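Step one of this worksheet: look at the structure below.
The values are calculated or read from the model by the stated rules, or taken from the named source; none is laboratory data. Please read these numbers as outputs of a predicted model, since none were measured by experiment. Here the Cβ is made from the backbone with ideal geometry for all residues, glycine too, and neighbour counts use every protein chain on show.
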Amino acid sequence: MKIDQSDISAFVHDFETFCNYVDEKKPILTKGNGNFTQKNLFYLNGLLVNKKKVNAPTYRQEFYYMIDLVFNISILGELYIKCGDEKGNIRLVRTKRKDEFDLLNDFEKYVFLLEIFWTKFDLTALFPHSKSNESFEIVIRTFARSKPNEPLRKGAFQNSFGADFLFSHDAKIIEILFCFGFCTIEPAVLTKKKFSYVDDVLTSVTPTKLGVKLCALLKDVDRSKPNDTRSLYTMNDFDKILPFLPEKFKQLIETFPLMEEAQKKEESKLIHKEPVPFNKLLSSVFPEGELNKTVTTELYKQQKAAYTFKVSLGKNIWRKIVVSYEHTMEDLHDLIQKAFHFDNDHLYSFYMDGKANSKNAIHSPEGFQKPFASEAVIGELKLYRGQRICYLYDYGDEWLFDILLLDIDPKIDPPKSGKIIDSKGSSPIQYQFDDDDDYDEDDDDFEYDDEVVEDVDEAP
């Protein structure tokens, strides 16, 4: 029995309701994390089919799992982009891809949005305190072998530690799948008057025929993202440090290729050898002839412009830096180091969503974790005016800089060399010493000239 319109109607309705609200109301996003305000969330939630039961606008976006889901999917699918105006207000702005999306039928819309979730959604960012990827796999495989419309209760979902996350933080995974129509859920009755989004627990979960069919097809599809680093160390990275390892450890590492080959053989059983378009992969589930089109418009091209960043250490110490679209994030790092008179001999990371230690990061090329800053060209990073980036320098001392993208100006010639155009506050002393430490107070290495640097040598 194939899926019909009623199986997907709630999700498609809620997504289009979200889009209409964005297009008509043009809500201003919060400056901190770029999400909806509590007032906008409360109003939009009341318009949805899959709404959260709330009595007042007192919760953040993470609590509204349906809104948070479609908000992130709309950006990941490049149907909307964040864009800041001259006043610093950030809004969601529709793209040409959204125009193409509107021409799809409901089945095509549903499958496209599911594809974005399946291939681009970062579960680890959503559940920082859990083994979210493992939990997700458990849910999908459990649904795949379940019978439609038969409830699953306590004990149905157990991770490697024997814990049943149906009654834990990871219950939100099931709530997200509920939004897609994979299941129905029965929330637990909580005794607390007020609870947070991480307190969601469920009494039972009932897979739908849609959920069972889709999970049976998708359980072996690799969800790894091209820019996601699954391991801190790869074989190539080990090659860099192999000469410095003890002999017995070297011998152990030399066995890794054999282990890696065996692993690849196992993985080949799980991953489609030839890429199959997502809509074609799922065509057997939906009515014949309904999955013909998807969104194909290429949105982003390298934007030839001058980028102005404000790099701050608190409110009273900051530098304004102008770079070209051709500069890399490593070039920006070098300029920040010169602007603050730091020694530039430690590792660093740029967290592009403004959240320290998030997965959305660009790293020092001297480290092991990709993507590398030396390969990240600023004009290709889909940056937007008003975007906040967290810059962590020195993983030991943890200097945290706030970077605000003030302007992207295509009207002026991008500088071939980076420039520091404005400055406030004295540069801090990078290294603090105890009284017992032996150092020369007159050492020039600890004397800083805090005058504004007008020009910086062209970054390598």
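Below, the figures for the structure above:
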read-out	value
Hits in the range 326-363 (condition: of a type in the set (A, V, I, L, M, F, W, C), in a loop (DSSP other than H, G, I, E, B) and under 21 Å from residue 382 (Cβ atoms))	352, 356
Residues (at pLDDT 85 or above, loosely packed, with under 10 Cβ neighbours inside 10 Å and under 28 Å from residue 209 (Cα atoms)) located in the range 256-306	288, 289
Flag if residue 29 is in the same structural domain as residue 108 (by TED's automatic domain parsing), under 26 Å from residue 210 (Cβ atoms) and part of a loop (DSSP other than H, G, I, E, B)	no
Odd one out for residue 41, checked against (1) in a helix (DSSP H, G or I); (2) within 17 Å of the chain's Cα centre (by Cα); (3) buried (at least 21 other Cβ atoms within 10 Å of the Cβ)	(2)
Set 8, 3, 81: member being under 22 Å from the mean Cα position of the chain (by Cα) and not small (Gly, Ala, Ser)	81
Only listed residue being under 16 Å from the mean Cα position of the chain (by Cα), modelled with pLDDT under 90 and either among the charged types (D, E, K, R) or surrounded by 16 or more Cβ atoms within 10 Å (Cβ to Cβ) (or both), chosen from 71, 63, 121	121
Residue list for the range 366-380, restricted to those being free of Cβ contacts under 8 Å to residues at least 40 places away in the same chain and surrounded by 15 or more Cβ atoms within 10 Å (Cβ to Cβ)	367
Test for residue 322: is it touching a Pro at 6+ places or on another chain (Cβ under 7 Å), over 30 Å from residue 212 (Cα atoms) and either assigned by TED's automatic domain parsing to the domain that holds residue 387 or assigned to a helix (DSSP H, G or I) (or both)	yes
Number of the condition not met by residue 46 [criteria: (1) surrounded by 15 or more Cβ atoms within 10 Å (Cβ to Cβ); (2) modelled with pLDDT of 95 or more]	(1)
Filter result for residue 76 (of a type outside the set (Val, Ile, Thr) and surrounded by 18 or more Cβ atoms within 10 Å (Cβ to Cβ))	no
Residue 34 being within 16 Å of the chain's Cα centre (by Cα) and touching a residue at least 60 places away in the same chain (Cβ under 8 Å)	yes
Residue count, the range 153-189 (criterion: over 27 Å from residue 13 (Cα atoms), of a type in the set (A, V, I, L, M, F, W, C) and modelled with pLDDT of 75 or more)	2
Some residue of the range 49-66 being assigned to a loop (DSSP other than H, G, I, E, B), within 22 Å of residue 205 (Cα to Cα), in contact (Cβ under 8 Å) with a residue 60 or more places away in the chain and not aromatic (Phe, Trp, Tyr)	yes
